[in-house]
Amino acid sequence: MAKKKQEEISKNVYELAQDRLKIIFRDFDNVCVSFSGGKDSGVVLNMCMDYIRKNKLNRKLCVFHMDYEIQYSMTIDYVDRILEANKDILEVYRVCVPFRVTTCTSMYQNYWRPWDESMKDIWVRQKPEHCYNKEDFPFYSEKLWDYDFQMLFANWLHHRKDAVRTCFLIGIRTQESFNRWRSIHMSRKYQMYHTYRWTSRVGNDVYNAYPIYDWRTTDIWVANGKFGYDYNRLYDLYYKAGISIERQRVASPFLCEAQGTLALYKAIDPNTWGKMIGRVNGVNFTGIYGGTHAMGWQNICLPKGYTWKEFMQFLLSTLPEKTRRNYLRKLTVSMEFWRTKGGCLSDATIQKLIDAGIPIEVMKTTNYKTNKKPVRMDYLDDINIPEFKEIPTYKRMCICILKNDHACKYMGFSLTKEEIRQREKIMEQYKSMML
């Protein structure tokens, strides 16, 4: 074991990725790459195609591409280009399905649907040829979110191919964000494939694998340059626009993380921008004000004469009833949580609260696996400490509202019990279809 670890240390990330591909293509009879058209999934797809060609493997590589209708035209060109150039070894599943997709551009809706048939006359573009539609998937439901669809698709493909063992290759890297680090390292809680920490089990004989999880952004571009991989030319324009390589991402333009750069569509792809405005609510406003104080970015200022609680109540009064109830429900859950169970804070943060004279109750044990201690406390109006996001304040709720963060991810919310129940119900329905 020590010798094996020493060998891993002596290899660079490309060599380690090649070792992982060797295991994947040796042990899995069905291999599929989840390809978004971004830099990470692009490198994974290129490496897999290289591996098949160099080793003269007599097999096809599946490619799963979720086509979201609205994307930069250069991203669509890249997807079309790389799939067409390698069609001799690829089996493509290009999915054009009206699942729910999160949007943070609107206070009126928390999701939109790509390829919504009721809006066909204002689609940003027409469906590509030979795509898969909702009728092709027996598990499809209007309640499905895009991330639910991905999970169900994996099992659907496994049964469709009558595979012994299926592996989905996901091009995510822990450097990108904490959520991506968590999605890989938390997989240790679940069953891995053998002892490979870069894998996680997602179904019976179905696994996800993250072959470039330890790569850095610079490694991606070194690989593209050294091996001559085709890549999305949109990144060239990002670079010319002065966007650092760490912030250059190809994802849904309506997520919270994309608010600050949404307006780039207007400059880079004006034809698509013009169609987007009429397609999804709030796009133009977010394009103008995304990344500013108006949408909860940078250092937002409290209006004169207000407390943060009063400002929150004002913001809530401007919202549609359904949206207002959603935020109030989240706030109620959060307040109850902090008063009864308590949030886990570090000793340093606890001491800062004590020094500030904040009434708190520090408990000794928690059910969470952490070195932090659970702290019970009431909601504050605001607090001026670096750990601001960890503390329950009305200012945090104001930021969520301004960001159109319907899920309140900024406050640390994950799926609700109802959302988890709906997901489990869908999974049970799907299992019965496969019997």
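Do the conditions hold for VAL362, that is, is it under 30 Å from VAL101 (Cα atoms) and surrounded by fewer than 19 Cβ atoms within 10 Å (Cβ to Cβ)? Write out each step before concluding.
Working: under 30 Å from VAL101 (Cα atoms): no; surrounded by fewer than 19 Cβ atoms within 10 Å (Cβ to Cβ): yes.
Considered against the rule, which asks whether it is under 30 Å from VAL101 (Cα atoms) and surrounded by fewer than 19 Cβ atoms within 10 Å (Cβ to Cβ), VAL362 comes out as no.
Looking across region 287-305 at every residue that is surrounded by 14 or more Cβ atoms within 10 Å (Cβ to Cβ) and outside any helix (DSSP H, G or I), the one that is modelled with the highest pLDDT is identified as LEU302.
Just a yes or no: is a residue in region 319-342 surrounded by 16 or more Cβ atoms within 10 Å (Cβ to Cβ) and in contact with a strand residue (DSSP E or B) (Cβ under 6 Å, 6 or more places away or on another chain)? Yes - at least one qualifying residue is present in region 319-342.
The residue that is nearest to PHE25 (Cα to Cα), among those in region 54-76 that are assigned to a strand (DSSP E or B) and more than 21 Å from the chain's Cα centre (by Cα), is LEU61.
Is it true that some residue in region 95-114 is under 27 Å from ASN224 (Cβ atoms) and of a type in the set (A, V, I, L, M)? So that I can check it myself, show each step before the final result.
Residues of region 95-114 that are under 27 Å from ASN224 (Cβ atoms), as a first pass: 95.
Adding the requirement that they be of a type in the set (A, V, I, L, M) leaves 95.
Yes, region 95-114 contains a residue that is under 27 Å from ASN224 (Cβ atoms) and of a type in the set (A, V, I, L, M).
Meeting the requirement of 2 or more residues that are modelled with pLDDT under 90 and of a type in the set (Ser, Thr, Tyr), the helices (runs of 4 or more DSSP H) wholly within region 179-281 are 234-240. Cβ-Cβ distances below 9 Å connect the following pairs, each with a first residue in region 155-169 that is under 14 Å from ILE23 (Cβ atoms), a second residue that is surrounded by 14 or more Cβ atoms within 10 Å (Cβ to Cβ) and among the hydroxyl-bearing types (Ser, Thr, Tyr), and a separation of six or more residues or different chains: ARG165/TYR193; ARG165/TYR207; CYS167/TYR193; CYS167/THR199; CYS167/TYR207; LEU169/SER34; LEU169/SER41; LEU169/TYR210.
The values are calculated or read from the model by the stated rules, or taken from the named source; none is laboratory data. In this text the structure is predicted, and so the values were computed from the model without any measurement. Cβ coordinates were reconstructed from backbone atoms using ideal geometry, including for glycine residues, and neighbour counts include every protein chain displayed.
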